[in-house]
Amino acid sequence: MNEPSVFNGPEITMDKDVVHYGGIEHRDIHNIYGMMYHKATYDGLKAREGGRQRPFFFIASKTGFPITAPIWAHFPSASNFFDDNKMFMFGPALMVAPATTPGELSTIKLAFPDTQAYYDYLGDSHFSGHVLPSDIPAPLDQTLVYGVGGNIIASRQRKRRSSALMKNDPYTLTVFVSRTGSPSVGSLYIDDGNSYDYTKNQFIYTDFTFKNATIYASHSSKYYNSHSNSNSNSNSDSPQPFIDSQANVRYERIIVRGLRNTYFSTAMVYINDLFSHNTTVSCTKKRGGSCTIRDPQVFVSTTNWHAKLVF
């Protein structure tokens, strides 16, 4: 039990108005054992590896926001989700809707928190958001996952036996077009996944924006350590082993979902605002479908580029 306890008390813990040494009320520190337990685990892992490995997720470590969260954490105005304990968000872009009620064999009752577009991540269907529950197909071999309109996610999609073997695999960008017409945004953070070299700015952080049938990508200094002697993504002569190791890691494809029309056949790729080359585009459906930019021939180490869909 991760708190000071009194097993014969009404709550199997000390009364909340108990005052500890120093005038500290028990209600304020009753879970301190749990906090110290996790701190000891974290410190122990660092000590065991000599400060070479770190056990955490990047954004969660920076902001403190949990990796997974209830719907209301991302949609605070959706009061009908305040007591929902089934659906949850995985980051801001993916909504997970598992079938948890007995009898949900082929469909589940599902509502969305707002009027945004929601895209079946594993299929090709999409829904205009609604707050009233509807019957949604739910195959037994799948957990429903929806991309939230207005977001962009990066993923590695080549199947491997472990994530470590995907280290140098190319990335796929998936754009979920906003139903409201606002730009879609996202980011990609990459470091060696193992060491503390990120404190020396040995990482790549890229911001993405999709608007007017164009996806823009640029490296960001948002999380740079200004006290480090190493300045990632610069012309500095200081060693940049991780940045250099990513020179051949590329974007494999860009999938844009929810376009109003999909008559595009080509993407014009610009690097540092200068035209570089054309690449092919394949599309499904003529309205509300998706377009895939195949092999845009840009790398994660490219600091500034954009690709424009053209007819």
Original post:
Which residue fluctuates the most in the chain, going by a Gaussian network model with Cα springs under 10 Å, if the choices are G288, G149, G34?
Top reply: G34
Original post:
Does segment 150-310 come out rounded, prolate or oblate, given a ≥ b ≥ c as the square roots of the eigenvalues of its C-alpha gyration tensor, rounded meaning a/c under 1.5 and, failing that, prolate meaning a/b above b/c?
Top reply: prolate
**OP:** In whole Hz, with x marking every Gly and Pro, tabulate ³J(HN,Hα) for segment 59-70 from phi via Karplus 6.51 cos²θ - 1.76 cosθ + 1.60, θ = phi - 60°.
**Re:** 4, 4, 6, 7, 9, x, 6, x, 5, 10, 8, x
Original post:
Can you work out the FRET efficiency for the pair V310 and D207, with r the C-beta to C-beta distance and R0 = 35 Å, to the nearest 0.05?
Top reply: 0.90
**OP:** Only loop residues by DSSP count here, and only those with at most 12 other Cβ atoms within 10 Å; note down the chymotrypsin sites (Phe, Trp or Tyr not before Pro) in segment 80-109 that meet that.
**Re:** F82
Original post:
Which entry is the computed mean projected area of the Cα convex hull in nm² for this structure: (i) 13.8; (ii) 26.0; (iii) 22.2?
Top reply: (iii)
Subject >> Filtered trypsin sites (Lys or Arg not before Pro), segment 12-114: DSSP coil and at most 11 other beta carbons within 10 Å >> reply: K16, R52
Subject >> segment 68-148: relative contact order as a whole-number percent, Cα under 8 Å and 6+ apart >> reply: 30 percent
**OP:** Have a look at A40, A138, A247 and tell me which one the Gaussian network model of the chain (Cα, springs below 10 Å) gives the largest fluctuation.
**Re:** A40
**OP:** Name the long-range amide H neighbours of H20: under 5 Å, sequence gap of 5 or more, or other chain; modelled H, no Pro or chain starts.
**Re:** E25, H26
Original post:
Once the Cβ-Cβ distance between R156 and S5 is put in as r, and R0 is 30 Å, what FRET efficiency do you end up with, to the nearest 0.05?
Top reply: 0.10
Subject >> Amide proton proximity set for A111, modelled H, under 5 Å, gap of 5+ >> reply: S134
Original post:
How many angstrom separate the Cα center of segment 46-101 from the Cα center of segment 131-162?
Top reply: 16 Å
Subject >> Packing-based exposure ordering (other Cβ within 10 Å, fewest first) of D273, D124 >> reply: D273, D124
Original post:
Is it possible to state the helix-based mean residue ellipticity at 222 nm for the chain, with each DSSP H run of 4+ residues giving -39500 (n - 2.57), the sum divided by total residues, to the nearest 500 deg cm²/dmol? What is it?
Top reply: -3000 deg cm²/dmol
Subject >> Of S77, P102, I190, farthest towards positive along the dipole that unit charges on Lys, Arg, Asp, Glu beta carbons give the chain >> reply: I190
Subject >> Of K159/K211; K167/K211; K86/K109; K39/K167, pairs whose Cα-Cα distance is over 19 Å >> reply: K159/K211; K167/K211; K39/K167
**OP:** In whole Hz, with x marking every Gly and Pro, tabulate ³J(HN,Hα) for segment 259-273 from phi via Karplus 6.51 cos²θ - 1.76 cosθ + 1.60, θ = phi - 60°.
**Re:** 5, 5, 9, 10, 8, 6, 10, 9, 10, 8, 9, 10, 10, 6, 6
Subject >> Net dipole in debye of segment 29-165 [+1 Lys, Arg Cβ; -1 Asp, Glu Cβ; about Cα centre; nearest 20] >> reply: 1040 debye
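Every read-out reported here was derived from the displayed coordinates using simple, explicitly stated rules and does not represent laboratory data. Everything numeric here is computed off the predicted structure, so don't read it as measured data. Cβ coordinates were reconstructed from backbone atoms using ideal geometry, including for glycine residues, and neighbour counts include every protein chain displayed.
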